[in-house]
Amino acid sequence: MFYIQDGRFSYSLTTHEAILTAATSTHNNVDYGAGVFAFATSGGASLVFEDPILSNFLSNNPFTLIVGIDDITNTNTLGKLRELSDLYPNLEVKVFCHSDSGSLFHPKFIWFKVDGEIRLITGSGNLTEKGLRRNREAFTINYLTHNGLRAFEDYWNVWISENNDNLRDLDDEEVVRKAARNATRFIRTRRIETELDADEDENTFTETENQSQNTEQIPSEILETEDYEAWTIEDNPEVLVAEIPNSGDRWKQANFNRSVFESFFGGIAGLNVERRILLRHVGTTGNLEELEVRPTVSVRSQNYRVELNAAGGLDYPEGDNRPIGIFIKVATRSFIYSLVMPEDVIYNEVLSYLNNYQPRVGNRMRRYLTDVDELRENCPSLNFW
């Protein structure tokens, strides 16, 4: 089957979601798997291998991950891969490190032997947050059984055997050297881009001045910026301005109606496994906070929930004023958001905007769909800008 990952395409399926589906067994019959990617980032590796589906897979089954080191993959990536290897004894990580100056290591595929078949995903996306979710990519999923399965395993084993010298450990001296080179190259590139674009692109979250100028801070600063590029505001994306209902001490599990759940958040009613909603809250200083990964959960009561970390530990406000969530869609089922509380200095600005465009009717929760241009014009004080 052929799929297109495209945030502007109504039938988009992300590479990330396809991987999770392929790793899921319906008959509790799982053997092993492997993945090969030209480039990887710490965020991309976390997105796949820290998901509960892959965690469950790796708790009982071996998996081999091979990443290239010709570009992008750097010291932060290696650190995250070491962390994952320590966390999952069944995860073997190798780095494809070669000396062919005229050749680039560039494959992107992943496969699982599950329920008596090989599920092979071959596509254009790398193991990065952008490649797995944001970029326009394409991929196919093939299901191999019987003779096809055996032929694939034989073919794979021969390739592994003949490339044994190129498959290095994470702590290999040459691997570490190339990773540091990639980190330095990335900082210098981003420094130039930031200097050129600082006054032109107000819609893009970029690294701080210290990050872009200080090439000595390679281990802790680099990949955050590379993966954050999956969260930039480009063009004029869709926006949801929504009052969050009171659900007692569980109001952080924000409920939406089916229309909003499906048409805006990209969920499918009744399907809770293979789709993932990704969110990042924008803090008071405009910084993107920790990645939130949510299954598209629907329940029998016909409530469709999206849990918001930003509401954690907060009491639901008393009186008539309700929390207002502002969600900007940056890719398929990927959103940056701000949770505005009545005590926040910008609350009245947001409330006036909502009152003007969708006056309150009784106690009904308001859900207003708009775009970034209109939002920016009416709410210039939001932390997105």
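Quick note: the coordinates plus some simple rules give every number you see, no bench work behind them. Model, not experiment: these values are computed from the prediction. As a convention, Cβ positions derive from the backbone with ideal geometry for all residues, glycine included, and neighbour counts pool all protein chains shown.
Some points to look at:
- Computed from backbone phi, the HN-Hα couplings of the stretch 140-151 come to 10, 10, 10, 10, 10, 10, 6, 5, x, 5, 5, 5 Hz, rounded to whole numbers (Karplus: 6.51 cos²θ - 1.76 cosθ + 1.60, θ = phi - 60°; Gly and Pro given as x).
- Proportion of all alpha-carbon pairs of the stretch 1-68 beyond 19 Å (%): 41 percent
- For the stretch 2-175, diffusion coefficient by Stokes-Einstein and Kirkwood Rh (Cα), 20 °C, 1.002 mPa s, µm²/s: 130 µm²/s
- The packing ranking, built from the mean of other Cβ atoms within 10 Å per residue, places the peptides 134-144, 368-378 in the order 134-144, 368-378, highest first.
- Cross-link pairs beyond the 25 Å C-alpha cut-off, checked among Lys94/Lys178; Lys113/Lys329; Lys80/Lys130; Lys178/Lys329: Lys113/Lys329; Lys178/Lys329
- DSSP beta bridges in the stretch 2-175 [antiparallel fraction, %, rounded to 5]: 70 percent
- Tilt relative to the chain, helix 173-197 - C-alpha long axis, 0 to 90 degrees, to 10: 30 degrees
- Coupling constants for the stretch 342-358 follow from the phi torsions by the Karplus curve (6.51 cos²θ - 1.76 cosθ + 1.60, θ = phi - 60°), and in residue order they are x, 7, 6, 5, 8, 4, 4, 4, 5, 5, 4, 4, 5, 4, 5, 9, 8 Hz; glycine and proline get x.
- Between Trp111, Trp156, Trp251, the residue with the greatest mean-square fluctuation in the GNM of the chain (Cα pairs under 10 Å linked by springs) is Trp156.
- Based on the Kirkwood approach, the hydrodynamic radius assigned to the stretch 238-378 is 15.4 Å, with every pair of different Cα atoms included.
- Couplings 3J(HN,Hα) of the stretch 88-94, computed from phi: 10, x, 7, 9, 9, 10, 10 Hz, in residue order, whole Hz [Karplus 6.51 cos²θ - 1.76 cosθ + 1.60, θ = phi - 60°; x for Gly and Pro].
- Checking (i) 59, 57, 36; (ii) 87, 54, 37; (iii) 69, 52, 34 against the coordinates, the calculated Cα extents along the principal axes in Å falls under label (iii).
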